[in-house]
Amino acid sequence: MTTFTFSNESPADLAVDVLVLPVFEGPEAGPGVKDVKGLDLLGLFAATGAKGKRGESLLMPNTGVKGLAPKAVLLLGVGKRDDADADACRRAIGRVAGQLAKRKSVATTLPQIVTGRGAADPFQATVEGLLLGSYRFERYKSKANGAKLGKVTLVGVAKADAKAAREAIRRGVVIAESQAWARDLVNTPALDLSPAELAKAAQAMARQVGLTCRVWSDAELKKGGFGGIVGVGQGSVRSPRMIELRYAGGKGAPIALTGKGIAFDSGGLSIKDASGMEWMKCDMGGAASILGAMRAIALLKPKVNVIAAIPSAENMPSGSAIRPGDVLRHRGGTTSEVLNTDAEGRLVLADALAYLAEKKPRVIIDTATLTGACMVALGDELWGAMGNDRDLIRDVLVAGEEAGEPGWELPMHEPYRRLIDSEVADIKNVGKRYGGAITAAMFLREFVGDTPWVHLDIAGPAFHDKAGDYGPKGATGSPVRALVRYVVDQA
């Protein structure tokens, strides 16, 4: 169990295994470097050829330097001084979090690279970077590494607002642990995380943090008219579920959240090729992000109401699976023609969106690993935002930027709406190949009515095929931090 504390002592006086000190690009001494006497830290760093670029590091043991309490000093490049912000803290410390996890005690002055307004944010970001960067999914390893961070001391200046820093540290722990839990869900093989098992995990979490939870069974979904969820799930022997969570923290209409929870996506009868299925356990990344966000919201206790309705199904080919050309009737009565069973995420989300719209929320936000088209447009670091309300889109984009999980708006180009017109139903579930992310969002828009709504296509950032700044290969848990930031900002 990692514990975090705040201190405004001189970093050279802290008796820890490793003292992490930032170095700006140049190299230029960052906070705490000049506090270490008897060692030319900057000279030694430069002698290795390091310039202070983000991620560069040099570990130096304390060989008996007088007045230096730490057993070792780790110099850490953080990039240009003018670019120093909370996300620079998160990304820099995330790069070395794996090696720090092997130590019993760590201290760092890293949050001090950010000064002025919002000076508490880098404390939160540093905690997030450390916890997310040291994350490993080892549930199925016969010989797990087992390395865990011990005690971490975040060092502020003498005049630092200790109360604000400690609260920022607490937020960082809550959010990072919630995002790590979302990562666990996505990384778990589909064999062990069916829709029913995902619902059980949500129920256990809800009991732990004080959320109200209802799980809709297959029979209840059929009775309630959730034709999209039922239709997608009917090809699997493992029946679908919908997870409904409620957080009561304030007055007025709730913020509504939903996420695509396809436990495994084979493509159905429009089956994917073998390589396309290798990472399809991650097709419930949207659902996991909403579950992680709800966990964090319950623990942070913002003064606002939040409701989540998370559809989960397994998209499998069988004699009972839906076929291309079938028509589904969704919650509320809208019908959709299924031309491609591999465009199933929008079918299950449609029901959840229609259900949430009935609750008269102030806004609806959905997250989904929905389209490869969004990845083609934005790559694997940005999620795409599309919706019917520019103020909401702006607020969510700002929250993502502030949380270090940025997105980008894609246009809802109205002439493309004709591409999902159907001759036999109200709409069809696919348009043409080009503009696929936009037509998918337009399909979802049909189910929200007049409620302000934004769709986040997270196909790119939800799951990475190589390690990043603060995470190994696999699930990222994105955009948990962005969602939580939005909700807290609204409160």
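Residues in region 361-390 that are among the aliphatic types (A, V, I, L, M) and in contact (Cβ under 8 Å) with a residue 40 or more places away in the chain: VAL363, ILE364, ILE365, ALA368, LEU370, ALA373, MET375, ALA377, LEU378, LEU382, ALA385, MET386. Screening ALA190, ALA168, ALA202, ALA206 for residues that are out of contact with any strand residue (DSSP E or B) (no Cβ under 7 Å at 6 or more places or on another chain) and among the small types (Gly, Ala, Ser) leaves exactly one candidate, ALA168. Based on what the data block shows, is ALA86 crowded, with 17+ Cβ neighbours inside 10 Å, touching a residue at least 40 places away in the same chain (Cβ under 8 Å) and closer than 24 Å to GLY133 by Cβ? So ALA86 fits the description; yes.
Condition check ((1) assigned to a loop (DSSP other than H, G, I, E, B); (2) surrounded by 24 or more Cβ atoms within 10 Å (Cβ to Cβ); (3) modelled with pLDDT of 95 or more) across all residues:
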site: GLU405; (1), (2), (3): yes, yes, yes
site: PRO411; (1), (2), (3): yes, no, yes
site: VAL424; (1), (2), (3): yes, no, yes
site: ARG433; (1), (2), (3): yes, no, no
site: ALA437; (1), (2), (3): no, no, yes
site: HIS455; (1), (2), (3): no, yes, yes
site: LEU483; (1), (2), (3): no, yes, yes
site: ASP489; (1), (2), (3): no, no, yes
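At least 2 residues being of a type outside the set (Phe, Trp, Tyr) and either under 27 Å from the mean Cα position of the chain (by Cα) or crowded, with 24+ Cβ neighbours inside 10 Å (or both) is the threshold, and among the strands (runs of 3 or more DSSP E) wholly inside region 277-375 those reaching it are 305-315, 335-338, 363-368. Only one entry of ALA180, ALA176 meets the criterion of being farther than 17 Å from THR5 by Cβ, modelled with pLDDT of 95 or more, among the small types (Gly, Ala, Ser) and within 16 Å of the chain's Cα centre (by Cα), and that entry is ALA180. Looking only at region 216-253, filter to residues that are in a helix (DSSP H, G or I) and among the charged types (D, E, K, R); which one of those is surrounded by the fewest Cβ atoms within 10 Å (Cβ to Cβ)? Looking at the filtered set, the residue picked out is LYS223.
Restricting GLU138, GLU177 to residues that are under 18 Å from VAL488 (Cβ atoms) and either free of Cβ contacts under 8 Å to residues at least 40 places away in the same chain or assigned to a helix (DSSP H, G or I) (or both) narrows the list to GLU177.
Checking each residue in region 29-45 for being part of a loop (DSSP other than H, G, I, E, B) and within 37 Å of the chain's Cα centre (by Cα) picks out GLY30, PRO31, GLY32.
The residue of region 180-205 that is nearest to PRO479 (Cα to Cα), among those that are free of Cβ contacts under 8 Å to residues at least 40 places away in the same chain and of a type in the set (A, V, I, L, M, F, W, C), is ALA204.
Scanning region 36-49 for residues that are farther than 15 Å from ARG81 by Cβ and buried (at least 18 other Cβ atoms within 10 Å of the Cβ) gives VAL36, LEU41, PHE45.
The values are calculated or read from the model by the stated rules, or taken from the named source; none is laboratory data. These numbers were taken from a predicted model, which means no experiment stands behind them. Glycine also receives a Cβ, built like all others from the backbone with ideal geometry; neighbour counts cover every protein chain displayed.
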